[in-house]
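Participant: If you scroll down you'll find the structure; I have some questions about it.
We did not get these values from a lab; they are worked out from the coordinates using the rules stated. Fair warning: this is a prediction, and the values are worked out from it, not measured in the lab. Note: ideal-geometry Cβ built from the backbone for every residue, glycine included; neighbour counts use all protein chains shown.
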């Protein structure tokens, strides 16, 4: 399991994000891409700030010319959560109350890496935010709506970066 520590407002423990599906700063296995099963990767986190009321996750690829591609938005993850399992269902609302937003394909849930064949590797940023409130966004929100709802509510954030090349 590898991870990278994130930013935090206070001097307490630093939120940390890890994955058993891939190593930080390494390649994402094809299983999680458009060339494989296209299922979401397992993620886990530790050192949650005490005031956390919910979490949000943004997974995107800034290496696409002219735009950043959104691969996964999931928000209003319960404060007591410490992980997301591999293969989160692509439903608007999950059993635990989490909501999922729109990805690049204008569908909800995870969609895996799928850069142009033969092109350079793309970087995928997995950004977890500990929030002092719920976003109260409806399922199907877009990235800019999620970012606006989180503004001023981020207690801590952690990030994992990985690559994928076809």
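Participant: Could you grab the Rg to Rh ratio for the chain? Cα atoms only, Kirkwood for Rh. Present the calculation step by step, with values, prior to reporting the outcome.
Facilitator: On the way: Rg = 14.9 Å, Rh = 15.8 Å.
With Rg and the Kirkwood Rh in hand, the quotient comes to 0.94.
Participant: With each pseudo-label sitting 7 Å past Cα toward Cβ, what's the residue 35-residue 133 distance in nm, one decimal?
Facilitator: Distance between the two pseudo-spin positions: 4.4 nm.
Participant: Also, quick follow-up: Measure off 7 Å from each Cα along the Cα-to-Cβ vector at residue 90 and residue 23, then give the distance between these two points in nanometres to one decimal.
Facilitator: In this crude label model, residue 90 to residue 23 measures out at 3.0 nm.
Participant: Continuing with the same structure: What order do you get for 91-97, 128-134 when each peptide is scored by the mean count of other beta carbon atoms within 10 Å, highest first?
Facilitator: Details: 91-97: 13.1, 128-134: 22.0.
So the peptides 91-97, 128-134, ranked by packing, come out 128-134, 91-97.
Participant: Which order results if 114, 34 are arranged by neighbouring Cβ count within 10 Å, fewest first?
Facilitator: The order, fewest Cβ neighbours first, is 34, 114.
Participant: Based solely on its DSSP helices, what 222 nm [θ] is calculated for the chain when runs of n ≥ 4 H residues each add -39,500 (n - 2.57) and the sum is averaged over all residues, nearest 500 deg cm²/dmol? If you can, show how the numbers build up before the last one.
Facilitator: Numbers: 1 runs with 8 residues, N = 166.
Here the helix-only value at 222 nm equals -1500 deg cm²/dmol.
Participant: For residue 147 and residue 121 in the same chain, what is the full-extension length gain: residue separation times 0.36 nm, less their Cα-Cα distance, in nm? Walk me through the intermediate numbers first.
Facilitator: Details: separation 26, 0.36 × 26 = 9.36 nm, distance 2.63 nm.
That works out to 6.7 nm of additional length.
Participant: Please report the relative contact order for the chain, taking Cα pairs under 8 Å with a sequence separation of at least 6, and give it as a percent rounded to a whole number. Could you put the intermediate results ahead of the total?
Facilitator: Numbers: 442 pairs, mean separation 47.9, N = 166.
In percent, rounded to a whole number, it is 29.
Participant: What FRET efficiency comes out for residue 66 versus residue 165 if R0 is 35 angstrom and r is the Cβ-Cβ distance? Round to the nearest 0.05.
Facilitator: Values: r = 20 Å, r/R0 = 0.57.
After rounding to 0.05, the efficiency reads 0.95.
Participant: What list do you get for 108, 39 if you sort them by fewest beta carbons within 10 Å?
Facilitator: On the way: 108 22, 39 19.
Arranged by neighbour count, lowest to highest, 108, 39 become 39, 108.
Participant: Further question on the same structure: Within 10 Å of each residue's Cβ, count the other Cβ atoms and sort 142, 117 from fewest upward. Write out the running numbers ahead of the final one.
Facilitator: Details: 142 15, 117 8.
Ascending number of Cβ neighbours within 10 Å: 117, 142.
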